[in-house]
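Peer 1: Below is one structure. I have some questions about it.
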Protein chains: 2
Amino acid sequence: MSDVNKSAHPFDKGRLEALLSRRFFYAPAFEIYGGVAGLYDYGPSGSTLQANIIAEWRKHFIVEESMLELDTTIMTPAPVFETSGHVARFADWMVKDVKTGDVIRADHLVKNVLEARLAGDLEARGQAASPAKEDEKDKKKKKNKTAKAAAVQLADDVAKSYEVTLAQLDNFSGAELGELCRKFNIRNPDTDNEVTEPQEFNLMFASSIGPTGQHPGYLRPETAQGHFLNFSRLLDYNNGRVPFASAQIGRSFRNEISPRAGLLRVREFTMAEIEHFVDPQNKSHPRFKEMRDVVLVLLDRHVQSSGNSTLIKMSIGEAVEKGIIANETLAYFMARIYLFLLKIGINPDRLRFRQHMSNEMAHYATDCWDAEIQNSTGWTECVGCADRAAYDLTVHSARTGHPLVVREALKEPIVTEKEVPEFNKKILGKTFKQDAGVLQKHVESLNEAALSKLKSELAEGCVPTTIIIDGKTFEIAPDLLRIERKTFKQSIREYTPNVIEPSFGLGRILYTLLEHTYWSREQDVERGVLSLPPVVAPTKVLIVPLSAKEEFDPLVQEVSSKLRRAGIFSRVDDSNTSIGKRYARNDELGTPYGVTIDFASVQNRTMTIRERDTMDQRIGSIDEVIATVTDLVEGNIDWTEACQRLPAYDGVQAIES
Amino acid sequence: MSDVNKSAHPFDKGRLEALLSRRFFYAPAFEIYGGVAGLYDYGPSGSTLQANIIAEWRKHFIVEESMLELDTTIMTPAPVFETSGHVARFADWMVKDVKTGDVIRADHLVKNVLEARLAGDLEARGQAASPAKEDEKDKKKKKNKTAKAAAVQLADDVAKSYEVTLAQLDNFSGAELGELCRKFNIRNPDTDNEVTEPQEFNLMFASSIGPTGQHPGYLRPETAQGHFLNFSRLLDYNNGRVPFASAQIGRSFRNEISPRAGLLRVREFTMAEIEHFVDPQNKSHPRFKEMRDVVLVLLDRHVQSSGNSTLIKMSIGEAVEKGIIANETLAYFMARIYLFLLKIGINPDRLRFRQHMSNEMAHYATDCWDAEIQNSTGWTECVGCADRAAYDLTVHSARTGHPLVVREALKEPIVTEKEVPEFNKKILGKTFKQDAGVLQKHVESLNEAALSKLKSELAEGCVPTTIIIDGKTFEIAPDLLRIERKTFKQSIREYTPNVIEPSFGLGRILYTLLEHTYWSREQDVERGVLSLPPVVAPTKVLIVPLSAKEEFDPLVQEVSSKLRRAGIFSRVDDSNTSIGKRYARNDELGTPYGVTIDFASVQNRTMTIRERDTMDQRIGSIDEVIATVTDLVEGNIDWTEACQRLPAYDGVQAIES
């Protein structure tokens, strides 16, 4: 096995983006019409990568934990989002350039300008290398993405106040963002004009259902409401038992103000959401013990509020014990999310869980931890893990009158006794006329002690019992009111479950995964490789006949169909170029293995297999190689073990050159 | 093996619908808010059934034929659909009740009223049994679905004219539908009021992209445009070669006028679309020979235009030879569609291919065959297979200026010679001033023969050559014009490919599949069964412990995890009810196999396996049963073969009672 140096060259975002475009992982949607910000199409490589991530997600979450899958509609009538609070509160703050009318998201503006000034400060202090020579095109590109500030040194206390502001940025209201713009003289960096006061802009796309225009609707900004509205049916499907989880993979929409960050901030995206319904009095998780030793990197709320970013490393068992993570179920899902991300190829050293600060939290959440993954733009929220408590079920139930509750048979019925007053209605009406209701209401609202006292007064019977209400005296005759002790038996407990919600933004995960797995060959920075794990790689095996000559066709067919039967997705590349170039193209596509069919294959029924990262080649009989590659792709063996099965092939240098 | 009589009871749609609701295959979306017509949510059974149909579709089409998968956005800027013709023409005709303003789709109104009158006619002639006694609730339900007419006998020629009209219904324009309403006195059956003239209603949902409201957009009504706009990138990905196909599975939207037909007509739906790009001069298909003997049931355009519905049964080879199906590629896909539908469990006796009539065709299509599947509402279009020719690529290319063409290197360059006129510009301008352009244009437009003639006249040189254009005479001096013979070599052929488009409505297929696989046990009509093939059944194996007692837990865990490792999706049902009831519930869920863990399992490590349709039970060691059920689910063996491996279990009667 060859050694591979994956960090010979520094990460180069431009090269990666060129590769992703060239190999059609994704591209701006409607590109030939000039494109639309925040809308992207996935090509063959990207959509298959996404489909594989989804398939693994289904296995890791839905199948492993017998979750109930759902597929609900995107188009949603307005009353649903009025109730859920999205019509009133699902908004971002935007400012406008006072002269051009250009629209900018307020928190992004503050962030970009302050970060640029801090960078300029560092440069002026000589603490950062001034940027390498850039050509004009690069400069122009950058102008559209981030504010650029001159290398001006800041006073120490100013620099410090910028840093504190940035650490708390997610915590500011619209008015506070406006205040910051004035205080720090923040302007539109493209024009240097002032900006308006922040205004709210609702992020839901609006439409209208049916031909009359009378039924406003929105495209859902999350799949979650579809789970909540179907809660009764799901509970029933689960034989009335709690806890259980529903899961849904589907498209959601957010009409972002000015998306500029590629796949990291888009207007249409695929989500995978789990809603785990749990007894609010018992948020333990039956499988917590399997996860308690998983160690996560945590950035909690208190640390952030104090204006810094110190990370702690801790097992989830300890974090729950210390109250850093609120409960077992939340922690269990954080660990499961962590394991999923590792499985698909995310670098664990660039993954942390950050707790939301109080103002930052969505209106429905009581606690929230984001799985943030580091990429070239910084730390990016890729999975949210929120405790939505009983918020959604409660508001929908109140609005519709449909009970969204669990009714649980108590093992031991709860038996209680209490005094119950009963009026003789006929006498009551005759005696007190219009005041009858006042008296009845008063007596029925008395507590246990007062009722007992009244009962014994009535029992004595000799003097007429009197009650004074608002200064008016009521005389109670013994035949008017009976108070009796009754027994009550409660055998059902009724409650609104709480919801723990892990919510995955698949596009962000996909893009970050591409950054984490991209590198260039030591000998040639132009030769990019995507080291995607076989489980998610779009194609598992590339079949490379020496040429498109007919004599290779039967073997190509045989190998294709044997791989297909083994459930391994392969592609044939018989294009008119050298084997080395074909392998290089497939390194860019992230294909982990390649098999070559040549004249030796025709004569001896042998085939070589090449491993993408090391470029090692081994040789064996066609069936041996197929069996080995199947085991490799299914994760039964690794390349070291494969090398023990198959001898080295020494034609390797000739082919890769 | 037991014999099973699946047709002991007539199909009962009410019972099926109750089952589908009870077992949450699907339900009206926003049900607790009163629902919205045409929007449905899929529950755990329905969404898993759909996911399995999609997985099989991916294998059958994408993997088998190395198609290029895409995932493009739903939100689309308006210019795209202006170009594609959808803004102008993707519309249905609607009429309004003149008094209530209720909106009805015009063709559906004509269809429902005429069909109801024909049914009334048959009843009056005593040819149809009068409907069985209905309770009030049933009647009320029906009123909302179809027009109901009194049992009135029609004149023979009137009945005939109704039948002819119905056979041609898809062929009428809006004006013709209005004419029919007047001619046949068709009114709103709910109110008996007249209806307005038909108006067009565009079926796309409209929205607006971005915060300024300046960018109108639509939700796509089909996924196809996403393929066309990415054509250049796809061609490049395929190394410039044609034919190739792209494929996409995704949500589309149509704002139907008044959807009332359950999953068969909805406002939001999942489609699976293939766009196969092909040389317009060669629509043969390389794998046609594999399909040529597949026999399909065809209903062609000419038969329908003559007002009847005679079906023909023919191999696609013969149909292409006779020109009934226009080309090999179209026929190839029709056969592949047929095989796919059979694989997932559609009854081939209720499947036909109907060719569109000319007025019925979508604005972009030149030929179209629908796979129609019969269900309780009649024949329903479930898959369209259209030849869109070069329509879409041509219009997008014209609008954007981006060439959407194939450039094919010719094996033999085409060499041509022709006469080329060349003016001396200086003399031309000086001599003819403002008429210079007229002369030049005229000469350049001359054909080969005229140029030759002019050339020889110029060569003679003695008399001045004259040309008369629009009565004006031009005298041509020899130094003004040279005509020379030049050689041209064309080594590239450039063309716009044609597109063959198989387009699947997955919800319609799913619902029809449920109708085709539903039946009731002979001994009890209340015991419904869904005989879904294992390949699509939501759960493959039900694990049934005798009770929820702890002693069964280790075996339940073992069987679950062994099945999971074998890739077989199972569920445990340890709910507090008899094994018979649990099996009955799972018959309704379409689960093909059940395994029971009881005291014998604990003692002897044996397990019984039950087949859903026959209710047969066999017994074997736990590992034998797991191996057998794996082979059954993967389609390696059938139940007869399984019975040869495992002996009968004679406790069967006790358990199912």
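Peer 1: Give the Rg/Rh ratio for chain B, taking Rg as the radius of gyration of the Cα atoms and Rh as the Kirkwood radius, to two decimals.
Peer 2: Radius of gyration relative to Kirkwood radius: 1.10.
Peer 1: If the reach is capped at under 18 angstrom between alpha carbons, list the aspartates and glutamates near B:Lys489, excluding any in the same chain fewer than eight residues apart.
Peer 2: The qualifying aspartates and glutamates are B:Glu408, B:Glu412, B:Glu417, B:Glu419, B:Glu448.
Peer 1: How much mean residue ellipticity at 222 nm does chain B get from its helices, if each DSSP H run of length 4 or more adds -39500 (n - 2.57) and you divide by all residues, to the nearest 500 deg cm²/dmol?
Peer 2: It comes out at -10000 deg cm²/dmol, rounded to the nearest 500.
Peer 1: In sequence order, what are the phi-derived ³J(HN,Hα) couplings for the stretch B:266-275 according to the Karplus relation 6.51 cos²θ - 1.76 cosθ + 1.60 with θ = phi - 60°, rounded to whole Hz, with x for glycine and proline?
Peer 2: 10, 8, 9, 7, 9, 10, 10, 10, 10, 10
Peer 1: Okay, moving on. Using only Cα atoms, find the angle between the long axis of helix A:156-167 and the longest principal axis of chain A, and express it within 0 to 90 degrees, rounded to the nearest 10.
Peer 2: 80
Peer 1: How many percent of Cα pairs in the protein assembly as shown exceed 60 Å? Please report the intermediate quantities before stating the final value.
Peer 2: Numbers: 226319 of 862641 pairs.
Considering the protein assembly as shown, 26 percent of its Cα-Cα pairs are separated by more than 60 Å.
Peer 1: Karplus couplings for the stretch A:110-127 from phi (6.51 cos²θ - 1.76 cosθ + 1.60, θ = phi - 60°), rounded to Hz, Gly and Pro as x?
Peer 2: 4, 4, 4, 5, 5, 4, 5, 5, 5, 5, x, 4, 4, 4, 4, 7, x, 8
Peer 1: Taking amide H positions as placed 1.01 Å from N in the peptide plane, with prolines and chain starts having none, which residues 5 or more places from B:Asp367, or on another chain, fall under 5 Å of its amide H?
Peer 2: B:Asp387
Peer 1: Next question, about the same structure. For each of A:Val110, A:Val602, count neighbouring Cβ atoms within 10 Å of the residue's Cβ, then give the residues from fewest to most.
Peer 2: Exposure proxy ranking, most exposed first: A:Val602, A:Val110.
Peer 1: Another one. List the pairs from B:Lys411/B:Lys486; A:Lys581/B:Lys283; B:Lys111/B:Lys289; B:Lys343/B:Lys549 whose alpha-carbon separation is above 30 Å, in the order I gave them.
Peer 2: A:Lys581/B:Lys283; B:Lys111/B:Lys289; B:Lys343/B:Lys549
Peer 1: Continuing with the same structure: What are the ³J(HN,Hα) couplings of the stretch B:626-634, residue after residue, when phi is run through the Karplus curve with 6.51, -1.76, 1.60 and θ = phi - 60°? Round to Hz, x for glycine and proline.
Peer 2: 4, 4, 5, 5, 5, 4, 4, 5, 7
Peer 1: Using unit Cβ charges (K, R positive; D, E negative) and no other charged atoms, how large, in debye to the nearest 20, is the dipole of the protein assembly as shown about its Cα centre? List each step's numbers first, then the result.
Peer 2: Details: 164 positive and 188 negative charges, 298 e Å.
Using Cβ point charges on Lys, Arg, Asp and Glu, the protein assembly as shown gives about 1440 debye.
Peer 1: Under a 5 Å amide H to amide H cut-off, with H placed in plane at 1.01 Å, what residues pair with B:Asn375 once short-range neighbours are removed?
Peer 2: Excluding prolines and chain starts, which carry no amide H, the hits are B:Thr380.
Peer 1: To continue, here is another question. Scale the Cα Rg of the stretch B:414-495 by the rule-of-thumb value 2.2 N^0.38 Å and send over the ratio, two decimals.
Peer 2: My calculation over the Cα atoms of the stretch B:414-495 gives 1.23.
Peer 1: Taking a 29 Å limit on the Cα-Cα distance, which of the listed pairs A:Lys6/A:Lys322; A:Lys433/A:Lys455; B:Lys13/B:Lys322 fall beyond it?
Peer 2: A:Lys6/A:Lys322; B:Lys13/B:Lys322
Quick note: the coordinates plus some simple rules give every number you see, no bench work behind them. From a predicted model like this one, the values you see are computed outputs, not experimental measurements. When we count neighbours, we look across all protein chains shown, and the Cβ atoms used for this are built from the backbone with ideal geometry, even at glycine.
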